[in-house]
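The values are calculated or read from the model by the stated rules, or taken from the named source; none is laboratory data. The structure presented is a predicted model; accordingly, all values stated were derived computationally and were not measured. Ideal geometry is used to build each Cβ from the backbone, glycine not excepted, and the neighbour counts take in all protein chains shown. These accessible areas exclude ligands, DNA and RNA; they are computed on the full protein's heavy atoms, side chains included. Shrake-Rupley method; radii C 1.70, N 1.55, O 1.52, S 1.80 Å.
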Amino acid sequence: MSVAQQNGGSRSEARLLSAILIVAICLTLAPVLRLFVEGVTDQGSPSLTLMRDVLAQASTLSALKHSLVTAGFGTLVSLVLGAAFAFLVALTDLRAKAALVFCLMIPMMIPPQITALSWTQIMGPSSVLLKTLGIAPPLGAPQPLYSPQGIIFLLGIQHMSIIFLTLRAGLRSIPQDVVEAARISGAKGLRTWWQVVMPLTLPSLAAGTAITFVTALGNFGIPAMLGIPAGYATLPTLVYQKLAGMGTTVLAEVSVLAMLIGAVAVAGILLQRLCQSRQRLHLVGSTSRPLALPLGAARLPVEITLWAVVFAILVLPMFGLLATSLVPAYGVTLRFDTVTLVSWYEVLFRQPVTSRAFANSFGLAAGASAVLVMICLPLAWLMERRKTRLARLFDSLLDLPYALPGVVLSIAMILLLIKLPFTEATLYGTIWIIFLAYLARFFAVMFRPVQASLKQFDPAMDEAAQSVGASLYRRLRDVIFPLSAPAAAAGAILVFLTAFNELTVSALLWSSGTETLGVVIFNLDDSGETGMASALAMTIVFVVIVLMALIQLSSRRFPKGVVPWQT
């Protein structure tokens, strides 16, 4: 390869890296910086007066306490359920593991507001399903889920998949040889699990616990649907209530609340990294043979127990949702003479907001996936090739928009885009502010798998193409893109499925004409149209499960690594 070719290629890569980095920083870090500036200034001058006043309010302290309590205990519930499933699925000879993993992924893909809505339909005195079975509590009895305990329970179920996936990935990397060596040394049963398996999985467990806590802390759908009726406000719902009640006049005040949520979330992430940094255990040996400990006579009872739990947390609430959608009014007993499809017909064919929300959600999810693929693929490769200071700084801060709760990101986007620099134009109230918020929110979801994939490539392949005169564009097209396509596809699938049902970000950014599916369900339930909300929720659950099933059935035709829940 000539020196001229090498210098020309280096200049092209440097220019392209700078251009894409600027775009990525504007998308992800600029909103966070704008939020920080708003919180520490008063009318353009540095001041902590507003922050001190907001943090001293009783409502702020109460919401902070409620957020920490519900997120903390919710994480504990997720830890118990997710870890139990992960250990049994990853370490033992259970049958139908693929089906179990598929079912455990569904709660994570179902929006939190649908989870809350479905569980309220199988509990309480007005439950159609309980009335039909004749076991409903007497009229006037309180809805048990409208309480801190109800929020904790549903947060635990909603996020158990995170613990399951992160712990399972760590368990699958433990070679069977390690356990066999422990057995030869005399270790048996629980001693092997406690002294060999547990220490090796603690980093994965700590990482999953921290991510679960941060996700639960920023959850809006469950605290909104269960906490607001009970007068139990968490920080995200307090921000929503203030902004919904008083509009953009309280932006400065809610920006302080958003910074408070963000500070707690960042503290959780830093704690997780500290725990991981103190782990000094390293895996040895081959990972070609994963663990498969025989359960013996206990296998069938364990399988029955696991599937019973899946039925209770996944299928039973859906029955409640379906029953409510099939009666003419909430609380009516489901019988042959009361079955009706009025709610389904009304919400799917007569309400124009439904078709608009489907189009908005599909367009936003598909658009975000496509744009992030186009940005993250070349950016991850160029950052791997050229480790500049700016690239390393961006890499260290990239996870921040995803780690921050959605409400915090929404406030940051409003502050940044309510008045575009050097113009009088605004993106607030348009579909574009939701789209840009999705790009910021899911950037790390797309970037990290692609980056991990490119780290494994031999740079000699790219250098060989460059030595025969291949241009930067041709190397990207013929070498880099094909090799990193499976990781990019996995990231795109995760971004699409998550964005399709998103509520937390869009709850503060939507306006008439830009509703998303999550917003429509929340508004229908909030206005008392429980039957239509249930019918629309069932439709979305059906769409999500069908999409996941199609991806699962087509997985054999895809390269390894495309289906995210199989990696």
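Among the residues of segment 477-484, is any among the basic types (Lys, Arg) and buried (at least 24 other Cβ atoms within 10 Å of the Cβ)?
Checked segment 477-484: no residue is among the basic types (Lys, Arg) and buried (at least 24 other Cβ atoms within 10 Å of the Cβ).
Which one of these is without any contact (Cβ under 8 Å) to a residue 60 or more places away in the chain, open to solvent by 10 Å² or more (accessible area, probe 1.4 Å), under 30 Å from residue 265 (Cα atoms) and in contact with a Leu (Cβ under 7 Å, 6 or more places away or on another chain): 173, 204?
So the residue among 173, 204 that is without any contact (Cβ under 8 Å) to a residue 60 or more places away in the chain, open to solvent by 10 Å² or more (accessible area, probe 1.4 Å), under 30 Å from residue 265 (Cα atoms) and in contact with a Leu (Cβ under 7 Å, 6 or more places away or on another chain) is 204.
Please determine, by comparing only the residues of segment 134-157 that are among the aliphatic types (A, V, I, L, M) and at pLDDT 85 or above, which one is nearest to residue 82 (Cα to Cα).
157
Within segment 39-50, how many residues turn out to be part of a helix (DSSP H, G or I), under 30 Å from residue 398 (Cβ atoms) and open to solvent by 40 Å² or more (accessible area, probe 1.4 Å)?
Selection size over segment 39-50: 1.
Any chance you could count how many residues in segment 70-83 are open to solvent by 50 Å² or more (accessible area, probe 1.4 Å) and either farther than 20 Å from residue 263 by Cα or of a type in the set (Val, Ile, Thr) (or both)?
Total satisfying the criteria: 2.
Which residue pairs have Cβ atoms closer than 7 Å, lie 6 or more positions apart in sequence or on different chains, and pair a first residue in segment 327-343 that is touching a residue at least 40 places away in the same chain (Cβ under 8 Å) with a second residue that is among the charged types (D, E, K, R) and surrounded by 16 or more Cβ atoms within 10 Å (Cβ to Cβ)?
Close Cβ pairs (under 7 Å, with a partner that is among the charged types (D, E, K, R) and surrounded by 16 or more Cβ atoms within 10 Å (Cβ to Cβ)) amount to 333/131.
Return a yes/no flag: does segment 113-123 have any residue that is in contact with a helix residue (DSSP H, G or I) (Cβ under 7 Å, 6 or more places away or on another chain) and surrounded by fewer than 19 Cβ atoms within 10 Å (Cβ to Cβ).
Scanning segment 113-123, I find no residue that is in contact with a helix residue (DSSP H, G or I) (Cβ under 7 Å, 6 or more places away or on another chain) and surrounded by fewer than 19 Cβ atoms within 10 Å (Cβ to Cβ), so the answer is no.
So, residue 356, is that one in contact (Cβ under 8 Å) with a residue 12 or more places away in the chain, surrounded by fewer than 16 Cβ atoms within 10 Å (Cβ to Cβ) and farther than 14 Å from residue 530 by Cα or not?
No; evaluated as a whole, the condition is false for this residue.
Is there a residue in segment 163-170 that is hydroxyl-bearing (Ser, Thr, Tyr), touching a residue at least 12 places away in the same chain (Cβ under 8 Å) and in a helix (DSSP H, G or I)?
Yes.
Name the single residue, out of those in segment 513-526 being of a type outside the set (Val, Ile, Thr) and at pLDDT 85 or above, that is surrounded by the fewest Cβ atoms within 10 Å (Cβ to Cβ).
Residue satisfying both the conditions and the ranking: 513.
So which of 63, 4, 58 ends up being loosely packed, with under 14 Cβ neighbours inside 10 Å and at pLDDT 90 or above?
When all the criteria are applied, what remains is 58.
Which numbered condition trips up residue 426, out of (1) out of contact with any Phe, Trp or Tyr (no Cβ under 8 Å at 6 or more places or on another chain); (2) open to solvent by 30 Å² or more (accessible area, probe 1.4 Å); (3) farther than 30 Å from residue 131 by Cβ; (4) part of a helix (DSSP H, G or I)?
Single failed check for residue 426: (4).
Within segment 8-38, track down each residue that is among the small types (Gly, Ala, Ser) and either open to solvent by 70 Å² or more (accessible area, probe 1.4 Å) or over 30 Å from residue 468 (Cβ atoms) (or both).
24, 30
If you take the residues in segment 461-476 that are open to solvent by 50 Å² or more (accessible area, probe 1.4 Å) and among the hydrophobic types (A, V, I, L, M, F, W, C), which one is nearest to the chain's Cα centre (by Cα)?
Taking the candidates together, the pick is 461.
Looking at residue 396, is it within 30 Å of residue 453 (Cβ to Cβ), in a helix (DSSP H, G or I) and without any contact (Cβ under 8 Å) to a residue 60 or more places away in the chain?
In short, yes.
When segment 359-384 is examined, which residues are found to be modelled with pLDDT under 90 and either at positive phi or open to solvent by 20 Å² or more (accessible area, probe 1.4 Å) (or both)?
If the condition is that a residue be modelled with pLDDT under 90 and either at positive phi or open to solvent by 20 Å² or more (accessible area, probe 1.4 Å) (or both), then 384 is the only one that fits.
Go through (1) part of a helix (DSSP H, G or I); (2) in contact with a Leu (Cβ under 6 Å, 6 or more places away or on another chain); (3) of a type outside the set (Asp, Glu) for residue 408 and report which single condition fails.
The failed condition is (2).
Name the single residue that is farthest from residue 129 (Cα to Cα) among those in segment 319-341 being open to solvent by less than 90 Å² (accessible area, probe 1.4 Å) and assigned to a helix (DSSP H, G or I).
Here the answer is 325.
Restricting to segment 212-229, name every residue that is part of a loop (DSSP other than H, G, I, E, B) and crowded, with 24+ Cβ neighbours inside 10 Å.
Answer for segment 212-229, where residues must be part of a loop (DSSP other than H, G, I, E, B) and crowded, with 24+ Cβ neighbours inside 10 Å: 219, 220.
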